[in-house]
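The block underneath contains the structure these notes are about, expressed in structure tokens.
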Amino acid sequence: MKARPIIFDTDPGIDDATAITIAVRNPELDVKLLSTVGANVEVEKTTLNALKLTEFLGVDIPVARGCGEPLIRKLRPCPEVHGITGMDGYEFPPVTGKPLEKHAVEAMRDVIMNSEEKITLVVIGTHTNIAILFRMYPEVKDRIEEIVTMGGGLTGGNTNSTAEFNIYNDPHAAAMVFNSGVPVTMLGLNVTNEARLYREDAEAIDASGRAGHMIYSLLNHYRDAFLDGGLRIHDSVAVAYILRPDLFKTEMLPIEIALEGPAAGTTVCDFRAMQRGEKEANVKVVTEVDPEGYKQWIIDEFRRED
Ligand code: RIB
Ligand code: CA
């Protein structure tokens, strides 16, 4: 079966690193590009981290540096979760390569327009690059299979009581993408908080080999809950959905994004209006995950032969 071509738009980020490592090592996926954005940490650091990953994994996947700031709001990075480097916990060898000269938006356009097959965009940071891509090169929209994005949620936030980090940091970009007409599948905190890894699972990943040990070392510094209480490796759930949709349930729902005020960045689903036919569903929302299936999946992924 031909591998599915994907682009990661990413802010590595320890959970991003987990998602990217799994995808790069799975023959069902063909990772064409890592385009970076400033979010977990500044874009200089997320770009360096993307290079650390491609060189550690020994893969010739181009890295293109993207936007450092959201469209309108001021970026609020979270080094307290991922560490000052954005990927604290593992001593990567010094990076020898460089990102592409061209901006991530140009790089994404080139990959998308030169691909025989439609590309899946896996958006696991803010949506800033994607919003600008659609504004500058609307012709790419027809060449995109689907946007699978980790962001938002239906049951509360992690940056404040209602907003999830990726949408919170650039709600305007997310609104542009969610209303772009390109099919969007949203993996929000309502499912990624349920897909947890515990100490025994992380130790199985550690014992699986070189890549697993690197990820385990990062996870020991990742501060989105704790190993004994259940780590939430949010971005990895987006890759789980692509590779194992049988572990999930979805529903087409009307998602609007609050742009102003204290709830800015909240993904709002007006169930009542949809039931009354007053609002159209615009997003495929992942509503359920099989937590045991997810745990077994991620351990099996790291047990793949290098
Ligand atoms: O809210 C979790 C999301 O924000 C993840 O993508 C994490 O990497 C951060 O970017
Ligand atoms: Ca991320």
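In table form, for the structure just shown:
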quantity	calculated
By average C-beta atoms within 10 angstrom, highest first, the peptides 171-178, 88-95, 195-202	171-178, 195-202, 88-95
Whole-percent carbon and sulfur share, accessible surface of region 211-306, 1.4 Å	48
Length gained when the stretch Asp306-Asp60 is fully extended (0.36 nm per residue, less Cα-Cα span)	87.0 nm
Cα-only Debye scattering, the chain: base-10 log of I(q)/I(0) at q = 0.12 Å⁻¹	-0.71
Packing-based order for 130-137, 118-125, 241-248, using average beta carbon neighbours within 10 Å, highest first	118-125, 130-137, 241-248
Proximal aspartates and glutamates to Lys102, defined as alpha-carbon separation beneath 12 angstrom and excluding residues fewer than eight positions away on the same chain	Asp110
Pairwise FRET efficiency - Glu101 versus Glu260, Cβ, R0 = 41 Å, nearest 0.05	0.65
Accessible area per residue, Å², region 223-267 with all protein chains present, probe 1.4 Å	41
Accessible area expressed per residue, region 104-172, with surrounding protein chains retained (probe 1.4 Å, Å²)	34
Local electrostatic count, Met274, Cβ distance below 13 Å [Lys/Arg +1, Asp/Glu -1]	-2
Estimated dipole of the chain in Debye, rounded to 20 [Cβ of Lys and Arg +1, of Asp and Glu -1, Cα centre]	480
Highest average packing first - 227-239, 139-151, Cβ atoms within 10 Å	227-239, 139-151
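The values are calculated or read from the model by the stated rules, or taken from the named source; none is laboratory data. All figures in this text were calculated on a predicted structure; none of them were measured in a lab. Every residue, glycine among them, receives a Cβ derived from its backbone with ideal geometry; neighbour counts consider all protein chains shown. Keep in mind that these areas ignore ligands, DNA and RNA; they rest on the heavy atoms of the full protein, side chains included. Shrake-Rupley method; radii C 1.70, N 1.55, O 1.52, S 1.80 Å.
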